[in-house]
Amino acid sequence: MKNLAADFGLHSSKILIESEFCDATILIKDGIISDIISGKIASPDFLIEEAGDLIVMPGIIDSHVHINEPGRTEWEGFETITKAAIAGGITTLVDMPLNASPVTTSAEAFQQKLDAAMGKLYCNCGFWGGIVPDNIDKLEELIDAGVLGIKAFLTHSGIDDFPNVTISDLKKGMPILAKHNIPLLAHAEIDEVHPGIAVFEKNPTNYKAYLGSRPKTWEDKAVRLMIDLCREFNSPVHIVHLSSGDSIEQIKAARAEGLPLTVETCPQYLYFCAEEIPNCNTLFKCAPPIRERENNEKLWKALKDGTIDFIVTDHSPASPELKKIESCNLKEAWGGIASIQFSLPVVWTAAKKRGFSINEIAELMSKNIAKFIGFKNSKGQIKKGFDADLTVWDPEQKFIAAKESIHYRHKISPYVGEELFGVIRQTYVNGKKVFENGNFISLPQGKILLRKH
Ligand SMILES: [Zn+2]
């Protein structure tokens, strides 16, 4: 046997390697997968961790989270969210540019983000920058500073210091993104006046009235616009949190044309359906809204056939006060769902009913996202030379999502009380075991991920 050098090894009979489960030992050295050996090995030089028949798969990546630090840490912060992430088997996050203060729309603001994150990352973290009407001449600076892509809103963002862009702003910004070959992430809703808005005004605690106020046509029109811009500038476009099943055909056609278009959806659109959402409960409020069962099944089909590339949480936390839990006023409540810690069990619980395999889940929640964020050669797969970011879990074990187990700042979530499959047993970040059976076991191991030029 060749001479093996490693800090330690990790054995399981179910390690996901190139879409197959293998009985193997992963060797880890300096945070990197240094080798993968078939079967269980023994070494006098280093320890072998035994994971038995638990699933070992590439660490989950969540490229859509709102961390709110600096400036709105009473909503969420780096420490709380990255702790919750590793408890949920997530090893890499990417932060959205709009819920902190300042918003990430300049290189200086981005530097403040990086400073705020220092020493507080339990998992890896990258950052999206933002495009707003008055920062287009500073976009290049922001890109050069290392953001992974640029986010835009086509409707009001909910945060006044992150105003939405117009078509003319996008036409100025997209050539810059095309030049750097980085994605424009679009919140794709274009609001228009329609009778459903007045109905919701009069019934602000009624979920169906809320749903009726943000119709699928808002999304479909915005997706159409983004496809047209993607074609015009041949610039990568990414649709965040797709909720309208009616947009899938136009996305499919754009893909068939060869346009650089990617699409994500979120656990809430896949797990819940409007028919079952109670009135007077603001925890389910997000935008675009959670739609009817029939619509949501179209999203599942699109995940199966690859039209939707991946699933990320859009974890968008707020305090119970901002969420208007007491008054249950959906109109005034912050739009956003707090869920990060439960994303793998939620998606798995719903996906297994629909015949998805664990390998498909690993692609939808890790591999495809690694590619999207520009880290396809170091993350998202268990492969020699890749970062040792690993999720070890038991897909058969059930648990009830409990408030007491939540590690993000405000212990609220529409998933509390749900019975879910899939218990996270261990999480490894950069080759260090950071979470095991409910306990956090080492200092922050996360790194800041900057775009590689
Ligand atoms: Zn979001």
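The values are calculated or read from the model by the stated rules, or taken from the named source; none is laboratory data. From a predicted model like this one, the values you see are computed outputs, not experimental measurements. Quick reminder, even Gly has a Cβ in these numbers, built from the backbone with ideal geometry, and neighbours come from all protein chains shown. Only protein heavy atoms, including side chains, enter the accessible area calculation; ligands, DNA and RNA are left aside. Shrake-Rupley method; radii C 1.70, N 1.55, O 1.52, S 1.80 Å.
Given Ala116, Ala109, Ala100, which one is within 16 Å of the ligand (Cβ to nearest atom) and not in a strand (DSSP E or B)?
Numbers: Ala116 fails: within 16 Å of the ligand (Cβ to nearest atom); Ala109 fails: within 16 Å of the ligand (Cβ to nearest atom).
One residue alone meets the criteria, Ala100.
Of the residues making up the range 161-184, those that are without any contact (Cβ under 8 Å) to a residue 60 or more places away in the chain and under 30 Å from Ile325 (Cα atoms) are Pro163, Asn164. The set of residues from the range 330-356 being within 16 Å of the ligand (Cβ to nearest atom) and not hydroxyl-bearing (Ser, Thr, Tyr) comprises Ala333, Trp334, Gly335, Gly336, Ile337, Ala338, Ile340. Total residues in the range 433-453 satisfying the condition of being under 19 Å from Phe375 (Cβ atoms) and either surrounded by fewer than 20 Cβ atoms within 10 Å (Cβ to Cβ) or among the hydroxyl-bearing types (Ser, Thr, Tyr) (or both): the figure is 6.
In the range 350-363, what residues are open to solvent by 10 Å² or more (accessible area, probe 1.4 Å) and in contact with a Phe, Trp or Tyr (Cβ under 9 Å, 6 or more places away or on another chain)? Residues satisfying the conditions are Lys352, Arg354, Phe356, Ile358, Asn359, Glu363.
Condition check ((1) of a type in the set (Phe, Trp, Tyr); (2) surrounded by fewer than 21 Cβ atoms within 10 Å (Cβ to Cβ); (3) within 16 Å of the ligand (Cβ to nearest atom); (4) modelled with pLDDT under 95) across all residues:
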{"residue": "Ile159", "(1), (2), (3), (4)": "no, yes, yes, yes"}
{"residue": "Asp169", "(1), (2), (3), (4)": "no, yes, no, no"}
{"residue": "Leu185", "(1), (2), (3), (4)": "no, no, yes, no"}
{"residue": "Gly212", "(1), (2), (3), (4)": "no, yes, no, no"}
{"residue": "Leu225", "(1), (2), (3), (4)": "no, yes, no, no"}
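If you check Leu47, Leu4 for being at pLDDT 95 or above and over 26 Å from the mean Cα position of the chain (by Cα), only one passes: Leu47.
For the range 104-114, a tally of residues being touching a residue at least 24 places away in the same chain (Cβ under 8 Å) and open to solvent by 10 Å² or more (accessible area, probe 1.4 Å) returns 6.
Go through Ala178, Ala152, Ala117 for me and flag whichever is surrounded by 16 or more Cβ atoms within 10 Å (Cβ to Cβ) and farther than 27 Å from Arg231 by Cβ.
Ala117
Of all residues in the range 291-327, exactly one satisfies the criterion of being within 16 Å of the ligand (Cβ to nearest atom), of a type in the set (D, E, K, R) and open to solvent by 10 Å² or more (accessible area, probe 1.4 Å), namely Asp314.
For (1) more than 20 Å from Lys376 (Cα to Cα); (2) at pLDDT 95 or above; (3) among the charged types (D, E, K, R), each residue gets a yes or a no:
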{"position": "His11", "(1), (2), (3)": "yes, yes, no"}
{"position": "Ile28", "(1), (2), (3)": "no, yes, no"}
{"position": "Gly31", "(1), (2), (3)": "no, yes, no"}
{"position": "Ile37", "(1), (2), (3)": "yes, yes, no"}
{"position": "Ile67", "(1), (2), (3)": "yes, yes, no"}
{"position": "Lys113", "(1), (2), (3)": "yes, yes, yes"}
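What are the pairs with Cβ atoms under 9 angstrom where one residue, in the range 248-266, is under 27 Å from Ala350 (Cβ atoms) and modelled with pLDDT of 95 or more and the other, located anywhere, is open to solvent by less than 20 Å² (accessible area, probe 1.4 Å) and of a type in the set (D, E, K, R)? Sequence gap at least six, or different chains. Sorted first by the residue in the range 248-266, then by its partner, the pairs are Glu264/Asp314; Cys266/Asp314. Considered as a group, the residues in the range 228-247 that are farther than 22 Å from Ile131 by Cα and either open to solvent by 10 Å² or more (accessible area, probe 1.4 Å) or polar (S, T, N, Q) (or both) include one that is farthest from the ligand (Cβ to nearest atom), and that residue is Asp246.
Scanning the range 132-162 for residues being in contact with an Asp or Glu (Cβ under 7 Å, 6 or more places away or on another chain) and not hydroxyl-bearing (Ser, Thr, Tyr) gives a total of 3.
Can you list the helices (runs of 4 or more DSSP H) lying wholly within the range 147-245 that have 3 or more residues being among the charged types (D, E, K, R)? Passing ranges, in order: 167-180, 216-233. Look at the range 75-97 and say how many of its residues are in a loop (DSSP other than H, G, I, E, B) and within 16 Å of the ligand (Cβ to nearest atom). Residues that pass the stated criteria total 4. The single residue among Ile182, Ile159 that is farther than 25 Å from Gly374 by Cα, under 22 Å from the mean Cα position of the chain (by Cα) and among the aliphatic types (A, V, I, L, M) turns out to be Ile159. Report whether or not Pro133 is assigned to a helix (DSSP H, G or I) and away from the ligand (no atom under 16 Å from the Cβ). No; evaluated as a whole, the condition is false for this residue.
The residue of the range 141-157 that is nearest to Leu322 (Cα to Cα), among those that are at pLDDT 95 or above and among the small types (Gly, Ala, Ser), is Ala152.
When each of Asp30, Asp62 is tested for being acidic (Asp, Glu) and touching a Ser or Thr at 6+ places or on another chain (Cβ under 8 Å), the lone residue that passes is Asp62.
Listed by position, the strands (runs of 3 or more DSSP E) enclosed by the range 373-453 that each have at least 3 residues that are among the β-branched types (Val, Ile, Thr) are 390-400, 419-429.
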